[in-house]
1. Of all chymotrypsin sites (Phe, Trp or Tyr not before Pro) in region 75-123, which ones are in loop regions per DSSP and have a Cβ with at most 11 other Cβ atoms within 10 Å?
2. Scan around Lys29 for amide H atoms under 5 Å from its own, H built in the peptide plane at 1.01 Å from N, and keep only partners 5 or more places away or cross-chain.
3. Quick check for you: with a 1.4 Å probe and neighbouring chains kept, what is the accessible area per residue of the chain, in Å²?
4. Any idea which of Phe48, Gly87, Ala100 is furthest toward the positive side of the dipole for the chain, if Lys and Arg beta-carbons carry +1 and Asp and Glu beta-carbons -1?
5. Which entry in [x] 7.6; [y] 16.4; [z] 8.2 is this structure's computed mean projected area of the Cα convex hull in nm²?
6. Specify the angular offset, from 0 to 90 degrees and rounded to the nearest 10, of the alpha carbon long axis of helix 71-86 from the longest principal axis of the alpha carbons in the chain.
Amino acid sequence: MAAIEARFMQGRLRAPPTTSPRRSTSGEKVVVGLNRFTDEEAEPVDVFPSDPALQQNQIASLQKVRAGRDQDGVGAALADLESAARGTQNLLVPMKVALARYATLGEVADVLRAEFGVYQPGG
């Protein structure tokens with residue numbers, strides 16, 4: 001009971017995260033890739049390599065879809081989505097209508113970003 005009243009366990013639970021980084025920084029605790037066995041001359045890795053021909057094909061495909069869609073219908077659907085975002089109604093139905101009329105995901109996201117903003121972590 002004395003340990004609970006002294007909040008002994010809370011102190012123990014907080015201790016490892018503060019002491020562990022010190023141990024790895026000092027070299028007392030080995031962390032492969034951090035303080036031992038590191039590659040000093042590592043080459044940068046292209047994490048998301050993309051094929052330029054694939055990019056051009058995708059751009060051409062998007063231009064073809066935009067040229068062949070009902071621009072007025074897309075505009076009206078995006079306006080309905082904007083109106084729904086300002087209110088309290090479900091956004092899925094107007095999003096589905098906009099996408100069915102060939103609005104792009106970017107256009108839909110732009111409408112939502114304009115109304116709700118962009119998430120900023122820690123803010």
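The values are calculated or read from the model by the stated rules, or taken from the named source; none is laboratory data. Fair warning: this is a prediction, and the values are worked out from it, not measured in the lab. Using ideal geometry, Cβ is built from the backbone for each residue, glycine included, and neighbour counts are taken over all protein chains shown. Only protein heavy atoms, including side chains, enter the accessible area calculation; ligands, DNA and RNA are left aside. Shrake-Rupley method; radii C 1.70, N 1.55, O 1.52, S 1.80 Å.
1. The qualifying sites are Tyr119.
2. HN-HN under 5 Å from Lys29: Ser24.
3. It amounts to 83 Å² per residue over the chain.
4. In the chain, that residue is Gly87.
5. So the calculated entry is the one marked [y].
6. Computed tilt is about 40 degrees.
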